Amino acid sequence: MTSHMCRMIPVAALLAASGLALAHHGRLQDHLLRGAILSYGIYGTGSGAFLQRTAHAPGGPAGIELVEQPTILAAQPGTRFGFCVSVTGALDDGDLDLEKAVLHPPVFGADGTVSTGYEQEIELTAAGGEAIACLGHTLESEAEAVPGRWTIRLMAADQVIAEKNFELR
């Protein structure tokens with residue numbers, strides 16, 4: 001045997017090392033997902049995280065009551081705002097692993113911490129290629145009720161599927 005022989009390296013390993021690997025099924029799906037906002041504004045009911053998981057809820061997600069549809073809101077504790085969205089493009093029925101992001105003006109904690117937003121992993125259930133969900137934020141305290149621009153996003157990987165801006169005053 002001479003030293004001129006090449007070692008066989010699996011093609012998948014070469015592609016992965018070069019960054020050219022084919023997209024994982026979930027990652028491919030992330031790029032196919034699209035969101036259409038069904039409603040937005042102030043909501044009367046929902047969990048503290050304001051997330052209702054549902055698939056194909058006719059007429060809107062169950063248990064979520066739209067009170068008003070403004071984008072300019074009073075910065076008051078107890079205000080629950082956000083949007084309901086239809087997510088289409090799911091390749092298979094079942095769970096969609098997505099992320100909710102809330103961006104806001106600086107909120108100063110009693111312990112001296114400063115927050116300008118947060119991210120939360122969420123799981124939606126798709127049926128027939130579609131999932132419907134409501135997500136948003138509830139102002140829990142006077143300290144959190146900070147005036148300014150608040151943005152709520154639904155994301156798949158680093159791709160924004162749906163986004164709504166609110167101005168708190």
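The residue that is farthest from His31 (Cα to Cα), counting only those in the stretch 133-169 that are surrounded by fewer than 21 Cβ atoms within 10 Å (Cβ to Cβ) and touching a Pro at 6+ places or on another chain (Cβ under 6 Å), is Glu142. Residues of the stretch 131-169 that are under 17 Å from Phe83 (Cβ atoms), out of contact with any Lys or Arg (no Cβ under 7 Å at 6 or more places or on another chain) and among the β-branched types (Val, Ile, Thr): Ile132, Thr151.
Looking at the stretch 139-160, I want the residues that are free of Cβ contacts under 8 Å to residues at least 40 places away in the same chain and have a partner that is assigned to a strand (DSSP E or B) with Cβ atoms under 8 Å, at least 6 apart or on another chain. Which pairs are those? Hits for this filter: Ala143/Val107; Ala143/Phe108; Val160/Arg153; Val160/Leu154.
Which of the residues spanning the stretch 133-169 are among the aliphatic types (A, V, I, L, M), under 20 Å from Pro70 (Cα atoms) and assigned to a loop (DSSP other than H, G, I, E, B)? Scanning the stretch 133-169 gives Leu139, Ala145, Val146. In the stretch 115-132, of all residues being assigned to a strand (DSSP E or B) and free of Cβ contacts under 8 Å to residues at least 60 places away in the same chain, the one that is surrounded by the fewest Cβ atoms within 10 Å (Cβ to Cβ) corresponds to Glu121.
Of all residues in the stretch 66-93, those satisfying the criterion of being over 17 Å from Arg153 (Cα atoms) and under 17 Å from the mean Cα position of the chain (by Cα) are Gly89, Ala90.
Every number in this text was worked out from the coordinates using simple rules, so none of it is lab data. Since we're looking at a predicted model, the values are computed, not measured. Quick reminder, even Gly has a Cβ in these numbers, built from the backbone with ideal geometry, and neighbours come from all protein chains shown.
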